[in-house]
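All remarks here apply to the structure that follows.
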Amino acid sequence: MIQYSIEPMQERHLPQVAAIERASFGRGDKSRSYEIWSEQSYRDEVAKDNSVCLVALSGDQVIGYCSMYTCVDEGHITKVAVEENYRGQGIAGRLMDRMFEMGADMGLQFYELEVRRSNDAAIGLYTGRGFQLAGIRKKYYTDNGEDAMIYTRQDSFEAK
Ligand SMILES: CC(C)(COP(=O)(O)OP(=O)(O)OC[C@H]1O[C@@H](n2cnc3c(N)ncnc32)[C@H](O)[C@@H]1OP(=O)(O)O)[C@@H](O)C(=O)NCCC(=O)NCCS
């Protein structure tokens, strides 16, 4: 069992985050390069007041990360990825669970994300954490015309 901790993303993590990003999104297919966030994109994201960016760290090695931006009581999950050799060990689940703990502390009540229809691993990750299908953006991804599935999670609701 690998030992790792979940930490806030920092400048020194960014080259490794960007390397996992390139390997995880697009997989060398240039038509999918629009999905890949650069090292600078993550630097900008970390600097924002309304973002949460976390890494899973084994020693000095980044083995996964996730990010979300917040608006009032909503969290929009933008990225989650785990280095290929470390997948299937619950690392993405732990990253997201930490993000939800932080979200609860910040008063977030509603989460939203988009995922490719074919991404079974990510959909399993999200539905296992209370996300439900809320809509479909037909042919959203321009590289192959794949649908985007919109998932949401409502943590609490007060009818006024
Ligand atoms: C999606 C991804 C982040 C999952 O990371 P991971 O560390 O392997 O996931 P975990 O081991 O934490 O598994 C989380 C859950 O997803 C489920 N899952 C994982 N792989 C799965 C698969 N291939 N099919 C179905 N469910 C799967 C697991 O059953 C697990 O459920 P549980 O928490 O209820 O036990 C990883 O596959 C990845 O980096 N993919 C490339 C980037 C990507 O597509 N990100 C999502 C973009 S929207």
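The values are calculated or read from the model by the stated rules, or taken from the named source; none is laboratory data. Small disclaimer: the values here were computed from a predicted structure and weren't measured. Cβ coordinates were reconstructed from backbone atoms using ideal geometry, including for glycine residues, and neighbour counts include every protein chain displayed. Just the protein is used for accessible areas: all its heavy atoms, side chains included, with ligands, DNA and RNA removed. Shrake-Rupley method; radii C 1.70, N 1.55, O 1.52, S 1.80 Å.
Give me the net charge for the shell around Ile20: Cβ to Cβ below 9 angstrom, other residues only, Lys and Arg +1, Asp and Glu -1. Taking every other residue near Ile20 into account, the sum is -2. Placing dummy labels 7 Å off each Cα toward the beta-carbon, the span from Asn85 to Ser58 is 0.7 nm. In the full protein context, the chain carries 56 Å² of accessible surface per residue, based on a 1.4 Å probe and ignoring ligands, DNA and RNA. The accessible-area ordering, largest first, of the residues Lys79, Lys139, Lys48 stands as Lys139, Lys48, Lys79, per a 1.4 angstrom probe. Taken along the Cα-to-beta-carbon direction at a fixed 7 Å, the label points for Ala104 and Asp147 span 3.3 nm.
Which percent of the accessible heavy-atom area of the chain goes to carbon and sulfur, probe 1.4 angstrom? C and S atoms contribute 47 percent here. Distance between the 7 Å Cα→Cβ label points at His76 and Ala134: 1.1 nm. Based on the Stokes-Einstein relation at 37 °C and a viscosity of 0.692 mPa s, and on the Kirkwood radius from alpha carbon pairs, region 1-127 is assigned a translational diffusion coefficient of 220 µm²/s.
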